[in-house]
Amino acid sequence: MRSFTGKVAAITGAGSGIGRALAEELARRGTHLALSDVDTDGLATTVERCSAHPVTVTSARVDVADRSAVEAWADAVVAEHGTVNLVINNAGVALAANIASMSYEDFEWLMGINFWGVVYGTKAFLPHLEASGEGHIVNLSSVFGLVSIPTQSAYNAAKFAVRGFTDALRIELEGAGSPVSCTTVHPGGIKTNIARSARVDDEIAALDTGDGAPSDAFDRAALTTPESAARQILTAVQRNRRRALIGPDAVVIDLISRLPAGLYQQALAAGVRRMRRNGR
């Protein structure tokens, strides 16, 4: 997709963060929008902002972990807009928990949104994208889909899975000569609310190191604004990139992921031991 003008884009998780920034940037470029989120208040704000541009904007409350809801939304998007050209599976949640103490319910909650939501969105929209004659799928992974981090096993599992799923999809589409392509996106620290809305296991919450809440630490480490991330993602689509590293920290982490695993894993393990000592 060289141009977004006059195209139709469907975006999940459009009520805030990267999803909202993508919607606003696409609206500025003349793209008609189908937006979804479970946060209806946030979604309404995004719709209002995008409606300031001369494009058609529709919205729906969709839980991406619900396959039938995603499939119904995909059909509704085509019914309302006539076609769909770009699908961005962006919705995501966070969970901080050690594997030993993490509940199955929390693990399933995260995987339902961060992994199955991507699968459902991809499969529900793919036939419509192919019917459009020109389509692109953007699936949001993370830098945590490049390296493994303690307390982030569930998030790692989902984001590594998104990476593998989307890489395989890209190869299949190319092999079939499809008019549809796809890109895996690996954002680094983006200034969004994902850390503030994360579920935190009691064992992790008890490790008070005196540095403030985990969300405060995330805010300090986040290097990229959602608006910048959105522009970088859309550039990756226009250039048909297989993967997009978003932010300077993502570039560094990608380099780290290419080192022998023991190097970075041992350093992280030392950091965990130090944090536990400080948290006692």
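Against the definition (in contact with a Gly (Cβ under 9 Å, 6 or more places away or on another chain) and under 30 Å from residue 266 (Cα atoms)), how does residue 114 come out, yes or no? Here the answer is yes, as residue 114 does meet what is asked. If the condition is being free of Cβ contacts under 8 Å to residues at least 40 places away in the same chain and charged (D, E, K, R), then region 30-43 contributes 39, 41. When region 123-144 is filtered for residues that are in contact with a Ser or Thr (Cβ under 8 Å, 6 or more places away or on another chain) and outside any strand (DSSP E or B), the ones remaining, listed by number, are 128, 130, 131, 132, 141. Every test in (1) without any contact (Cβ under 8 Å) to a residue 12 or more places away in the chain; (2) crowded, with 21+ Cβ neighbours inside 10 Å; (3) of a type in the set (A, V, I, L, M) is passed by residue 69 save one, and that test is (2). In this structure, does residue 147 turn out to be crowded, with 18+ Cβ neighbours inside 10 Å, assigned to a loop (DSSP other than H, G, I, E, B) and touching a residue at least 24 places away in the same chain (Cβ under 8 Å)? For residue 147, the condition - crowded, with 18+ Cβ neighbours inside 10 Å, assigned to a loop (DSSP other than H, G, I, E, B) and touching a residue at least 24 places away in the same chain (Cβ under 8 Å) - is met.
Taking the conditions (1) at pLDDT below 90; (2) under 25 Å from residue 2 (Cα atoms) in turn, residue 247 satisfies each one other than (1). Working only within region 169-194, note down all residues that are in contact with a strand residue (DSSP E or B) (Cβ under 9 Å, 6 or more places away or on another chain), closer than 19 Å to residue 140 by Cβ and not aliphatic (A, V, I, L, M). Within region 169-194, 170, 181, 182, 183, 184, 186, 187, 188, 189, 191 meet the criteria. Does at least one position in region 184-203 carry a residue that is at pLDDT below 95, surrounded by 14 or more Cβ atoms within 10 Å (Cβ to Cβ) and either farther than 26 Å from residue 18 by Cβ or of a type in the set (Ser, Thr, Tyr) (or both)? Yes, there is a match, as at least one residue in region 184-203 is at pLDDT below 95, surrounded by 14 or more Cβ atoms within 10 Å (Cβ to Cβ) and either farther than 26 Å from residue 18 by Cβ or of a type in the set (Ser, Thr, Tyr) (or both).
Restricting attention to region 204-244, the residues that are among the acidic types (Asp, Glu) and modelled with pLDDT of 80 or more add up to 1.
The values are calculated or read from the model by the stated rules, or taken from the named source; none is laboratory data. Everything numeric in this text was worked out from a predicted model, so none of it was measured. In this analysis, Cβ positions are derived from the backbone assuming ideal geometry, glycine residues included, and neighbour counts consider all displayed protein chains.
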